[in-house]
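The block underneath contains the structure these notes are about, expressed in structure tokens.
The values are calculated or read from the model by the stated rules, or taken from the named source; none is laboratory data. All values reported here derive from a predicted model rather than from experimental measurement. All Cβ positions, even for glycine, are placed from backbone atoms using ideal geometry, and neighbour counts span all protein chains on display.
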Amino acid sequence: MCLGLLLLTLTLVAHNTSSVNQWDTKYTSLIYEITKGRDSLRDERDELQSHISNLTQEMETLQDQYTSVAASQDKLQEQINKLRLNRTDKPCRRGWKKFNAKCYFVSPSGITKTWEGSRKDCKERGADLVIIDTREELDFVKKNYDTTWIGLRREANGNTWKWVDGTVLVGDGFWREEEPNNADGDEDCVEFLQSVSAWNDMPCSSRFSWVCED
């Protein structure tokens, strides 16, 4: 009987030992797979971080290049603007007259418009009503054109005269004697009177020829 118990005990020990060995093998295999997966994920993470770093460097390089190109473009535009301002040989379009690097167009003979209509015509030609800010320009207009609208108008407050480019009339200008007088109470636009070589305020609804300046 003791021998039987001994054999049974040895059998159980052998079985348990086999089971332990099997679990140990499974555990080792599981640890290997986990470690392998971890290492694979770590490699992918490092690869992604390297890719992100490269993209960041490329983005910074592109940003620097954009900034450099934008600065160069600004400088080029500035040079172009200076050339335009300094250019004195700008050709005028057909039908326009040149004076001091500017081009002038007078409305067709026999056609008259209101001040607003005259300005609209000038804008459609890529210009605006003439701004007369020197005696030389006044003499040029007198020599070449008849009585016309010019680009000067009274502001709504009734005390300020402004040119079509938004600048305020400075000084006395070239008004006719006792003008502007706002005789009709609505004389808010200015005509150039060739006969006296001076300005006169008139209702903007009046119709005259006009001079455009480019």
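Miscellaneous remarks
- Sole exception among (1) more than 16 Å from residue 191 (Cα to Cα); (2) among the acidic types (Asp, Glu); (3) in a loop (DSSP other than H, G, I, E, B) for residue 146, by number: (1)
- Residue within the stretch 82-93 that is closer than 30 Å to residue 208 by Cβ, at pLDDT 85 or above, of a type outside the set (A, V, I, L, M) and surrounded by 10 or more Cβ atoms within 10 Å (Cβ to Cβ) present: yes
- Condition met for residue 123 (modelled with pLDDT of 80 or more and either surrounded by 10 or more Cβ atoms within 10 Å (Cβ to Cβ) or in a helix (DSSP H, G or I) (or both)): yes
- Residues of the stretch 88-132 satisfying the condition of being of a type in the set (Asp, Glu) and free of Cβ contacts under 8 Å to residues at least 24 places away in the same chain: 89, 124
- Members of the stretch 149-164 found to be at pLDDT 95 or above and assigned to a loop (DSSP other than H, G, I, E, B), listed by number: 164
- Checking residue 212 against (1) buried (at least 20 other Cβ atoms within 10 Å of the Cβ); (2) under 19 Å from residue 99 (Cα atoms); (3) more than 33 Å from the chain's Cα centre (by Cα), the condition it does not meet: (3)
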